[in-house]
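To keep things clear, I will list the structure first and then write my remarks on it.
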Amino acid sequence: MMPSMRGNLIVGALVVGAAGAGLYALQTRQASDSEAGPSITVYKTPTLGCCDQWVGHLQDNGFAVKETNVSEAKLAEVREDNGVSGPLAGCHTALVEGYAVEGHVPAEDILRMLEERPEIAGLAVRGMPAGSPGMDQPGGRKEPYVVIAFDEEGTTRVYARH
């Protein structure tokens with residue numbers, strides 16, 4: 001198995017030996033504080049693999065991710081508390097530096113938001129568009145989608161097109 005880099009943690013593994021038995025070596029390095037990217041907390045149910053893939057996308061792009069598995073009811077509560085309205089609801093909600101991030105928003109758009117600091121409640125991607133982060137498709141198939149900026153009053157606008 002080739003070493004992989006996921007955000008702040010480098011992991012390498014080597015398995016040697018016959019089926020099910022053998023040597024297992026693991027190396028890790030925690031990034032220093034100066035290397036760490038933005039801290040983001042992701043609220044998700046434990047049943048959807050696409051949420052785990054989106055978390056991997058964030059880690060691959062330098063985010064320090066804290067995953068929190070919750071019930072559907074708790075996830076709805078997190079959304080409501082952070083200005084995410086029904087039509088914007090996706091399969092996971094993240095909180096980063098005072099903003100909500102709903103659904104399969106690309107890391108580049110989150111980083112842009114954190115740099116620009118717009119007066120919005122957050123960003124959302126409606127649905128689960130093929131080819132969005134965490135929704136990778138065989139053959140690299142992608143469908144166009146938009147990232148929506150929303151405020152606490154429910155006003156929305158297009159933030160980015162992909």
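FYI, it's all coordinate maths here, none of it is from the lab. This is a predicted model, so every value here is computed, not measured. Heads up, the Cβs are rebuilt from the backbone with ideal geometry, glycines too, and the neighbour counts pull from every protein chain shown.
Could you work out how much longer the chain between Glu119 and Glu72 gets when fully extended? Use 0.36 nm per residue separation minus the Cα distance between them, nm to one decimal. Please list the in-between numbers first.
Numbers: separation 47, 0.36 × 47 = 16.92 nm, distance 2.83 nm.
My answer for the length gained is 14.1 nm.
Provide the gained length on full extension for the span Asp52 to Val146, in nm with one decimal, where the gain is 0.36 nm per separating residue minus the Cα-Cα distance.
Details: separation 94, 0.36 × 94 = 33.84 nm, distance 2.12 nm.
Difference between extended and current length: 31.7 nm.
Restricting to DSSP loop positions (anything but H, G, I, E, B) with no more than 10 other Cβ atoms inside 10 Å of their own Cβ, which GluC sites (Glu not before Pro) remain in region 110-162? Before the final figure, lay out the partial values.
Values: sites: Glu115, Glu116, Glu119, Glu152, Glu153; in loops: Glu119, Glu152, Glu153.
Passing sites in region 110-162 are Glu119, Glu153.
For Lys44, list the lysines whose Cα falls under 21 Å from its own Cα; do not include residues on the same chain fewer than 8 positions away.
Lys66, Lys74
If you plug each phi of region 145-161 into the Karplus form 6.51 cos²θ - 1.76 cosθ + 1.60 with θ = phi - 60°, what whole-Hz ³J(HN,Hα) values come out, in order, with x for Gly and Pro?
8, 10, 9, 9, 8, 9, 10, 5, 8, x, 6, 10, 8, 6, 9, 7, 10
When the distances between all Cα atoms of region 40-162 are binned every 10 Å from zero, what whole-number percent does each bin get?
Result, from short to long distances: 14, 50, 33, 3 percent.
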